[in-house]
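**Q** Pasting a structure here, questions to come.
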Amino acid sequence: MKILGIETSCDETAAAMLQVPSTKFQATNKFQILSNIVASQAAIHQKYGGIVPEVAARKHIETIIPVIQGALSPQFQRPDLIAVTQGPGLITALQVGVQTAKTLAYVWNIPLVGVNHLEAHLWSHLLNQDTRYKIQETILPAIGLVISGGHTEMVLVKGVGRYQLIGRTRDDAVGEAFDKVAKLLGLGYPGGPIISHFAQEGDPDKIIFPRPMLKSPDFDFSFSGVKTAVKYHLKNLIPVGNLSQAMINDVCAGFQQAVVDVLVSKTVIAAEKYRAKSVILGGGVSANQPLIKELSKRTKDSALEFFYPAPEFTGDNAAMVALAGFLNQKKAQPGNWQKLAAQANWSLA
Ligand code: KG4
Ligand code: ZN
């Protein structure tokens, strides 16, 4: 079975063809990625220090057909199913992918399934090359943590499609905080990779930024406070242009450490509370190596399994959308394209 995935929820126009060995999910299932095309708009949004929705939507319109054409090449084969990100995301951006997917489903007369972008991030580790997975009972329930530029959600995962929301950010998403701190430091967009790069040379204990809601009894997060603390710290220093590289490195390391401490600590406490057997991480911020390192250590100490995507599946891509389409294929029927509409706000649970 071949699935065409389409993704346009944010600033990546992406299409991928995924081959799954059978329509049933079995222990021996291994996903084969036949193509995985991602056209990033990051360079365009860089000058604004963040994503401009109207600019993103226009760029998706220009790029979507060549990207799909690339994913279907070189030997064109009609997919058996189309999976498209239906939400959450920027509404005008989502609509480009959704309308394109509906058109293809109509002209090819094949079923279409709308996918939740956060669910696609959640299961993205199943695409890892070394993975031969079934979604085993033994790893469930799991604590799922989806952290990206637009979203921060912690869910109790009881199975595919069975999620209970247990925590979310009350203000900025994790990736958004990285992006805003990078902007404050004049480092460009997206901020996550740049900050973690400079943090490698910095001292994480030199500047101790606050750890908001670390000790709150719930599993919600707040990251705008850390960003504001960085802002005031910089204000008390010399103007940004005169910051030394060593100072920038220390701010990056201190900020990253504060974020990692809160994320890891609350995830492990949630796993204990809900008697989870594993932790599943996904989303753009799961590319953060100190976070992976710390979560690997702490989950091991607590006898929890830990699953996270390979670097190429952390950011937005359409292979994970095709995979989520496969997991939701019972929702797909020929002709169902007529009812599908983009949904800007759509929680995982
Ligand atoms: O999942 P994604 O590609 O798009 C959304 O769905 O939002 O996530 C993008 C976010 C950006 O905010 C980016 O700064 C962040 O992921 N990010 C990182 C790292 N790489 C990307 N954050 C921290 N550390 C990284 N290494
Ligand atoms: Zn994403």
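**Q** Do you know which of the residues in the stretch 277-317 that are without any contact (Cβ under 8 Å) to a residue 12 or more places away in the chain and assigned to a helix (DSSP H, G or I) is nearest to ligand 1 (Cβ to nearest atom)? Can you show your working first?
**A** As a first pass, look at the stretch 277-317 and keep what is without any contact (Cβ under 8 Å) to a residue 12 or more places away in the chain: 293, 296-297, 300-301, 303.
Still in the running and assigned to a helix (DSSP H, G or I): 293, 296-297, 300-301.
On the way: Lys293: 12, Ser296: 15, Lys297: 18, Lys300: 21, Asp301: 23 Å.
Top of the filtered list is Lys293.
**Q** Name the residues in the stretch 26-53 that are part of a loop (DSSP other than H, G, I, E, B), modelled with pLDDT under 90 and either under 19 Å from the mean Cα position of the chain (by Cα) or surrounded by fewer than 16 Cβ atoms within 10 Å (Cβ to Cβ) (or both), would you?
**A** Selection gives Gln26, Ala27, Thr28, Lys30, Lys47, Tyr48, Gly50, Ile51.
**Q** Taking the stretch 308-331 only, how many residues are open to solvent by less than 20 Å² (accessible area, probe 1.4 Å) and more than 22 Å from Pro190 (Cβ to Cβ)?
**A** The qualifying residues number 6.
Table: residues versus (1) under 21 Å from Ala173 (Cα atoms); (2) of a type outside the set (Ser, Thr, Tyr); (3) out of contact with any Phe, Trp or Tyr (no Cβ under 6 Å at 6 or more places or on another chain).
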residue	(1), (2), (3)
Ala199	yes, yes, yes
Asp205	no, yes, yes
Ile208	yes, yes, yes
Arg211	yes, yes, yes
Val226	yes, yes, no
Lys231	yes, yes, yes
Gln245	no, yes, yes
Asp250	no, yes, yes
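**Q** If only one of Ser124, Ser148, Ser196 is within 14 Å of ligand 1 (Cβ to nearest atom) and not assigned by TED's automatic domain parsing to the domain that holds Gln257, which one is it? Quick ask: steps written out before the conclusion?
**A** On the way: Ser148 fails: not assigned by TED's automatic domain parsing to the domain that holds Gln257; Ser196 fails: not assigned by TED's automatic domain parsing to the domain that holds Gln257.
Every option except Ser124 fails the conditions.
**Q** Another question about this same structure. Would you say Gly282 is touching a strand residue (DSSP E or B) at 6+ places or on another chain (Cβ under 9 Å), open to solvent by less than 20 Å² (accessible area, probe 1.4 Å) and within 16 Å of ligand 2 (Cβ to nearest atom)?
**A** Values: touching a strand residue (DSSP E or B) at 6+ places or on another chain (Cβ under 9 Å): yes; open to solvent by less than 20 Å² (accessible area, probe 1.4 Å): yes; within 16 Å of ligand 2 (Cβ to nearest atom): yes.
When the stated conditions are applied, Gly282 passes them.
**Q** Does Gly161 satisfy being open to solvent by less than 30 Å² (accessible area, probe 1.4 Å) and on the phi > 0 side of the Ramachandran plot? Please lay out each step first, then the result.
**A** Details: open to solvent by less than 30 Å² (accessible area, probe 1.4 Å): no; on the phi > 0 side of the Ramachandran plot: yes.
In short, no.
**Q** Out of Ile166, Ile207, report the one residue that is away from ligand 1 (no atom under 16 Å from the Cβ), over 25 Å from the mean Cα position of the chain (by Cα) and touching a residue at least 40 places away in the same chain (Cβ under 8 Å). Walk me through how you get there before you give the answer.
**A** Values: Ile166 fails: over 25 Å from the mean Cα position of the chain (by Cα).
Only one candidate qualifies: Ile207.
The values are calculated or read from the model by the stated rules, or taken from the named source; none is laboratory data. None of the values given here were measured: they were computed from a predicted structure. Reconstructed Cβ throughout: ideal geometry from the backbone, glycine too, with neighbour counts over all protein chains shown. What goes into the accessible areas is simple: the full protein's heavy atoms, side chains included, and nothing from ligands, DNA or RNA. Shrake-Rupley method; radii C 1.70, N 1.55, O 1.52, S 1.80 Å.
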